[in-house]
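Enquirer: Handing you this structure, nothing more for now.
The values are calculated or read from the model by the stated rules, or taken from the named source; none is laboratory data. Since the model is a prediction, treat every value here as computed from it, not as a measurement. Here the Cβ positions follow ideal geometry from the backbone for every residue, glycine too, while neighbour counts run over all protein chains shown. Just the protein is used for accessible areas: all its heavy atoms, side chains included, with ligands, DNA and RNA removed. Shrake-Rupley method; radii C 1.70, N 1.55, O 1.52, S 1.80 Å.
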Amino acid sequence: MITDKRIIAVVGHYGSGKTEFSVSLVHSLAMGGMKKLAICDLDIANPYFRSRERKQQLNDLGIAVYGSHYGTEITAELPAIDAGIKAPLEDKETTVVVDVGGDDSGARIMHQFMKYFRSDDCELICIVNKNRPETSTLEGAENHIRRIEAETGLTITGIVSNAHFIRYTTAQDVIDGWEFTSKLCERLGKPLLAVTAPEHLTEEVKALRDKAGAEFELFTIGMFMRESWLDKKV
């Protein structure tokens with residue numbers, strides 16, 4: 001279990017995989033039997049890979065989806081959040097995953113809902129993909145996290161390593177991401193909550209983890225947000 005907090009806000013660099021992680025996390029919670037679940041899409045900065053695009057699929061699992069006031073139509077992608085998003089945040093019986101916009105600029109929207117994110121019942125997770133240029137060094141990754149904290153006035157409470165090259169990801173990439181993010185966590189004094197891997201790599205990653213004598217929670221990440229054309233071989 002990555003966290004037992006009721007509100008789980010997810011931030012990270014553009015392209016880090018935070019939306020894929022957010023959807024995978026709420027899906028995992030539903031598959032684990034959790035009944036009252038919601039996902040709130042606060043990403044109004046990026047018109048692509050929005051968790052609310054999977055509304056029907058998530059609704060079919062009993063997961064409520066909140067996001068743009070204008071729905072999912074890309075031609076109406078205006079920076080406006082539905083006021084109804086406060087409902088699951090205020091309902092103490094609902095576990096909420098919040099998919100926040102990328103970088104410090106995307107995280108700025110959190111100011112509108114600050115009282116919920118300041119709660120002791122909130123986990124603020126930063127997704128780190130060491131294979132993104134801006135977070136490929138410890139200095140770059142630390143600077144990225146510090147900018148988000150400075151912009152929001154909030155403290156990131158945990159890190160998740162999501163080192164990937166989409167369909168080209170290998171088990172060794174996952175382990176390399178764990179090594180990098182472990183150093184980052186030590187540098188920042190923050191816990192490493194989990195390391196992600198796609199389902200087809202989990203057994204191989206476990207074998208490499210055991211060989212390295214490593215200890216980390218392995219979280220299976222889905223590919224819910226990948227449109228088929230993006231993964232076609234060329």
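Enquirer: With a probe of 1.4 Å, find how much accessible area segment 95-175 has per residue, and write the answer as a whole number in Å².
Expert: Accessible surface, normalised per residue, equals 39 Å².
Enquirer: Still on this structure, I have one more. With each label point set 7 Å from Cα along the Cα-Cβ vector, what nm distance links Leu138 and Lys92?
Expert: Each label point is offset 7 Å from its Cα along the Cβ direction, giving 4.3 nm.
Enquirer: Then there's this: Please arrange Met223, Met34 by accessible surface area, largest first, computed with a 1.4 Å probe and ligands excluded.
Expert: Correct descending sequence by accessible area is Met223, Met34.
Enquirer: Efficiency by 1/(1 + (r/R0)^6): what FRET value for Ala212 and Arg147, r their Cβ-Cβ distance, R0 = 30 Å, to the nearest 0.05?
Expert: 0.45
Enquirer: Kindly report, to the nearest 10 Å², the accessible surface of Thr202 as traced by a 1.4 Å probe over protein heavy atoms only.
Expert: Number for this one is 20 Å².
Enquirer: Below 18 Å, Cα to Cα, which lysines can Lys35 reach? Residues fewer than 8 away in the same chain don't count.
Expert: Lys5, Lys55, Lys92
Enquirer: Please identify every one of the GluC sites (Glu not before Pro) in segment 89-161 that sits in a loop by DSSP and has no more than 16 other beta carbons within 10 Å of its own beta carbon.
Expert: Those that pass, being in a loop and sparsely packed, are Glu93.
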